[in-house]
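**Q** Before I ask anything, here is the structure I am working with.
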Amino acid sequence: MNEQIDKTLDTSGLLCPEPVMMLHRAVKEVAIGNLIEVIATDPSTQRDIPKFCLFLGHELVGQKKTEAQYFYYIRKNK
């Protein structure tokens with residue numbers, strides 16, 4: 001990711017719904033247009049975080065997976 005990350009949220013070791021709940025709180029803390037990086041280890045975030053973005057109108061700028069972690073980049077839109 002070449003864009004500036006405004007907030008990093010490390011949810012490693014937590015199971016859903018905790019990562020999504022933490023993301024929901026983080027979105028409230030940042031300004032519109034800011035980019036949040038979420039680091040997760042729970043595979044269900046692959047389903048839950050894109051749905052969160054779609055439902056609440058935030059942009060899922062990118063996502064990637066390594067052997068042990070999932071990374072999501074979310075831009076706050078409203």
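**Q** Please give the contour-minus-distance gain from ILE32 to LEU15: 0.36 nm per residue of separation, less the Cα-Cα distance, rounded to one decimal in nm.
**A** Here the answer is 3.4 nm.
**Q** Another question, then. Give the Kirkwood hydrodynamic radius (Å, one decimal) of the range 5-78, defined as one over the mean of 1/r across all pairs of different Cα atoms.
**A** 11.9
**Q** Considering only DSSP states other than H, G, I, E and B, which GluC sites (Glu not before Pro) in the range 1-62 qualify as loop sites with at most 11 other Cβ atoms within 10 Å?
**A** Those satisfying the criteria are GLU3.
**Q** Can I ask one more? Give the relative contact order (percent, whole number) for the chain; include only Cα pairs under 8 Å separated by 6+ residues.
**A** Reported as a whole number, the value is 34 percent.
**Q** How would ILE74, ILE39 line up by accessible area, probe 1.4 Å, largest first?
**A** Correct descending sequence by accessible area is ILE39, ILE74.
**Q** Right, another one. Using the crude model of +1 on Lys and Arg Cβ and -1 on Asp and Glu Cβ, and no other charge, please compute the dipole size for the chain relative to its Cα centre, in debye to 20. Could you put the intermediate results ahead of the total?
**A** Values: 10 positive and 10 negative charges, 58 e Å.
Charge dipole of the chain: 280 debye, to the nearest 20.
**Q** Just subtract the alpha-carbon distance of LYS78 and SER44 from 0.36 nm times their residue separation and send over the number in nm, one decimal.
**A** Extra length available between LYS78 and SER44 comes to 9.7 nm.
**Q** So with the 1.4 Å probe, I'd like the accessible area per residue for the chain, rounded to whole Å².
**A** Accessible surface, normalised per residue, equals 59 Å².
**Q** Quick one: of the DSSP bridges fully inside the chain, what percent are antiparallel, nearest 5?
**A** 75
**Q** Okay, next question. Within a Cβ distance under 11 Å of GLU29, other residues only, what is the Lys/Arg minus Asp/Glu net charge?
**A** For residues surrounding GLU29, the net value is +3.
**Q** Just to verify a number: what accessible area does ARG47 come out at with the full protein assembly present, 1.4 Å probe, Å² rounded to tens?
**A** 130
**Q** For the chain, what % of the accessible area comes from carbon and sulfur atoms, probe 1.4 Å?
**A** Working: 2400 of 4620 Å².
Accessible surface attributable to carbon and sulfur in the chain totals 52 percent.
The values are calculated or read from the model by the stated rules, or taken from the named source; none is laboratory data. In this text, all values refer to a predicted model and were calculated from it rather than measured experimentally. Every residue, glycine as well, gets a Cβ built from its backbone with ideal geometry; the counts of neighbours run over all protein chains shown. The protein model used for the area step is the full one, side chains on, heavy atoms only, and it has no ligands, DNA or RNA in it. Shrake-Rupley method; radii C 1.70, N 1.55, O 1.52, S 1.80 Å.
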